[in-house]
Amino acid sequence: VSTQSTWVSRKWKLHVCRLKENGKIEENSLQVIKNVISNGGTWLLDFDEDFVSCSNPLASEFKALFGEESFDILQKMYDPGMEEAGPHWNILNRLVEAKAYLRDSESFQNLSLVQTLRKRYSVEIIEEFRKLCEGMHRMEGSLSLADLFPGDVLQMTGESAMLPHHISTGWEILCTLNTTREILSEISTRPSKITMATSRSDRYLPDTEACRIHGLSVSLICKQYSLKDVVRLDHALSL
């Protein structure tokens with residue numbers, strides 16, 4: 001925390017409490033939440049709507065444009081496994097930025113960067129990745145797929161391929177919100193401030209469910225704390 005020119009640091013502990021598959025919370029997890037808040041005094045409530053249903057927007061867009069099979073290739077290549085992600089992604093990104101995939105298969109496989117990749121990938125999967133990238137520069141008139149999906153977006157999609165992606169069913173949405181209400185009802189004190197992250201501009205809240213989830217979430221919070229006024233600070237379209 002910065003107070004003018006003074007920095008104040010405090011030790012803190014992160015508690016992760018998961019919901020069960022049926023949307024309920026374990027009693028011991030609920031007790032952890034109650035204990036942390038009761039011992040901490042003043043508390044803030046930050047409700048992230050993509051907790052209810054979560055999309056990986058870049059993955060969804062890539063699959064829609066190029067199909068599941070192409071995404072599987074991208075996901076396999078960008079998965080660092082047990083290695084450090086940064087250096088691994090750097091190799092792939094350097095190949096993409098240099099458009100090395102426009103080389104023929106043999107000269108591409110002989111590149112030193114590709115030789116490094118072959119320590120953990122087969123020739124076949126690397127060749128599939130090369131063909132995937134090459135195909136994005138196939139021309140259709142004056143345009144190529146790269147105009148639709150630029151190389152830097154391809155890199156971001158690969159790097160984010162392992163992020164959570166679970167589009168909740170209607171039943172799952174209701175179970176999650178009902179459990180949230182139960183948790184809040186178990187806490188005896190009110191939060192000093194409430195914020196809600198709509199996750200609309202980054203599209204982590206699925207567009208097809210966003211309006212309904214937002215409406216139910218706001219209604220839940222307002223009823224729980226007898227609130228009448230909601231101040232909107234986001235400016236995403238179609239809200």
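The values are calculated or read from the model by the stated rules, or taken from the named source; none is laboratory data. What you see is a predicted model, and the numbers here were worked out from it, not measured in a lab. Reconstructed Cβ throughout: ideal geometry from the backbone, glycine too, with neighbour counts over all protein chains shown. These area figures cover heavy atoms from the full protein model, side chains too; ligands, DNA and RNA do not enter into them. Shrake-Rupley method; radii C 1.70, N 1.55, O 1.52, S 1.80 Å.
Things to note:
Matching residues to (1) touching a Lys or Arg at 6+ places or on another chain (Cβ under 9 Å); (2) touching a residue at least 24 places away in the same chain (Cβ under 8 Å); (3) among the polar types (S, T, N, Q):
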| residue | (1), (2), (3) |
| --- | --- |
| GLU68 | no, no, no |
| TYR78 | no, yes, no |
| ILE91 | no, yes, no |
| ARG94 | no, no, no |
| ALA98 | no, no, no |
| TYR101 | yes, yes, no |
| SER107 | no, no, yes |
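- Just one of the numbered conditions (1) at pLDDT 90 or above; (2) under 30 Å from SER217 (Cα atoms); (3) surrounded by fewer than 17 Cβ atoms within 10 Å (Cβ to Cβ); (4) over 21 Å from the mean Cα position of the chain (by Cα) is not true of SER188: (1).
Yes/no per residue for (1) in contact with a helix residue (DSSP H, G or I) (Cβ under 8 Å, 6 or more places away or on another chain); (2) surrounded by 16 or more Cβ atoms within 10 Å (Cβ to Cβ):
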{"position": "ASN178", "(1), (2)": "no, no"}
{"position": "LEU184", "(1), (2)": "yes, yes"}
{"position": "THR195", "(1), (2)": "no, no"}
{"position": "LEU205", "(1), (2)": "yes, yes"}
{"position": "VAL230", "(1), (2)": "yes, no"}
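- Candidates SER53, SER38, SER60 - the one that is surrounded by fewer than 15 Cβ atoms within 10 Å (Cβ to Cβ), small (Gly, Ala, Ser) and either in contact (Cβ under 8 Å) with a residue 12 or more places away in the chain or under 20 Å from ASN178 (Cα atoms) (or both): SER38
- Some residue of region 153-164 being surrounded by 13 or more Cβ atoms within 10 Å (Cβ to Cβ), more than 21 Å from the chain's Cα centre (by Cα) and aliphatic (A, V, I, L, M): no
- Tally, over region 194-238, of residues that are part of a loop (DSSP other than H, G, I, E, B) and among the aliphatic types (A, V, I, L, M): 7
- Matching option when the condition is open to solvent by less than 70 Å² (accessible area, probe 1.4 Å) and more than 28 Å from the chain's Cα centre (by Cα), among SER199, SER105, SER112: SER105
- Counting only helices (runs of 4 or more DSSP H) that sit completely within region 67-150, those holding 2 or more residues that are modelled with pLDDT of 90 or more correspond to 68-78, 85-97, 105-109, 112-117, 123-135.
- Cross-chain or 6+ apart pairs with Cβ under 7 Å, region 207-220 first and closer than 22 Å to ASN56 by Cα, then open to solvent by 40 Å² or more (accessible area, probe 1.4 Å): SER217/MET196
- Matching residues in region 63-74 - criterion: being surrounded by fewer than 16 Cβ atoms within 10 Å (Cβ to Cβ) and either in contact with a Gly (Cβ under 6 Å, 6 or more places away or on another chain) or under 14 Å from SER160 (Cα atoms) (or both): ASP72
- The residues in region 75-89 that are more than 19 Å from the chain's Cα centre (by Cα) and either buried (at least 18 other Cβ atoms within 10 Å of the Cβ) or under 17 Å from PRO150 (Cα atoms) (or both) can be counted, and the count is 1.
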